[in-house]
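The values are calculated or read from the model by the stated rules, or taken from the named source; none is laboratory data. Values in this document were obtained by computation on a predicted structure and should not be read as measured data. Note that we place each Cβ from the backbone using ideal geometry, even for glycine, and neighbour counts take in every protein chain shown.
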Amino acid sequence: MAELSPTRPKKKRRRNAEQTREDILQAALEEFSDMGVSGARVDRIAARAGVSKPMIYDYFGDKNAVYKAALREAYVQIRHGEENLKLDPDDPEAAVRELVSFTMNHFRRKPWFIRMLNSENLVGGDTIRSLHDAADIQSILLKRLEEVLVRGETQGVFHRKVDPKEFYVFIASLCYFPISNMHTLRAVFRIDIDEAWLDRRANEASDMLLTYLKTSGDHDPTPPGKAAL
């Protein structure tokens, strides 16, 4: 009878450190967005991520540190998505439409982003102010958006000079409200807010923004009721 070779103990699969970090951050995004800052629990984050609580503390520190890292991750995720956009400065109208469409889709497909922002604003924005690289995270998008706006002016397509930061606030505002207030809008106005409705809003938001860019912004100084001489 042939001698059986001894059974080798199975080696535990070593966790990839970067993947573990990503899993923890995603679990933290979901926990903080669902429960708020005060209601979130590290043990639930650990359960969502499939790791131990001590591992979370080793990676990030206490609960406040985990929240800070998760808030930063919320901004990193949307910026990474924007980096993959083809915002062609030579076609500034299409570039604006693409950015508006992406923003609306990101807000509705990653609802933790809006909830994290709501939570941070409820506590006065203290944590976001403590992120040393918050401005750097935004800078790439703003540079690309500025190129689009400047090229639109150069081509004679856009007639209004706009600060890219302020223009992005316009975009975010038009996309943010129908997502963040979806349930109350449905209840109060009986609006069927679904994907088709949000797609229409994104297209109409693009129309409004492009109309704004195509007007000069000059106002007639003549007071109402007075004919110009």
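Do we find that F167 is farther than 24 Å from P111 by Cβ, within 19 Å of the chain's Cα centre (by Cα) and modelled with pLDDT of 95 or more in this structure?
yes
Pick out the one residue from P92, P54 that is at pLDDT 95 or above and exposed (fewer than 14 other Cβ atoms within 10 Å of the Cβ).
Of P92, P54, the one residue that is at pLDDT 95 or above and exposed (fewer than 14 other Cβ atoms within 10 Å of the Cβ) is P54.
Any idea which of (1) more than 25 Å from N203 (Cα to Cα); (2) of a type in the set (A, V, I, L, M, F, W, C); (3) more than 15 Å from the chain's Cα centre (by Cα) is the one M116 doesn't satisfy?
(3)
Sort out which residues of the range 196-214 are exposed (fewer than 14 other Cβ atoms within 10 Å of the Cβ) and either aliphatic (A, V, I, L, M) or at pLDDT below 95 (or both), and write them in order of number.
If the condition is that a residue be exposed (fewer than 14 other Cβ atoms within 10 Å of the Cβ) and either aliphatic (A, V, I, L, M) or at pLDDT below 95 (or both), then A196, M208 are the ones that fit.
Among the residues of the range 134-157, which ones are under 17 Å from A70 (Cα atoms) and either touching a helix residue (DSSP H, G or I) at 6+ places or on another chain (Cβ under 8 Å) or surrounded by 19 or more Cβ atoms within 10 Å (Cβ to Cβ) (or both)?
A134, I137, Q138
Quick check on the range 119-129. Is at least one of its residues under 16 Å from the mean Cα position of the chain (by Cα), hydrophobic (A, V, I, L, M, F, W, C) and not in a helix (DSSP H, G or I)?
no
For L85, which of the numbered conditions (1) under 30 Å from Y212 (Cα atoms); (2) at pLDDT 95 or above fails to hold?
(2)
Given the condition polar (S, T, N, Q), surrounded by 15 or more Cβ atoms within 10 Å (Cβ to Cβ) and within 30 Å of T20 (Cα to Cα), answer yes or no: does some residue in the range 104-121 qualify?
yes
Of all the residues that make up the range 79-116, how many are within 29 Å of G156 (Cβ to Cβ) and of a type in the set (D, E, K, R)?
Final tally of qualifying residues: 9.
Filter the range 179-197 down to the residues that are in contact (Cβ under 8 Å) with a residue 24 or more places away in the chain and either farther than 25 Å from A95 by Cβ or in contact with a Phe, Trp or Tyr (Cβ under 9 Å, 6 or more places away or on another chain) (or both) and list them by number.
I179, S180
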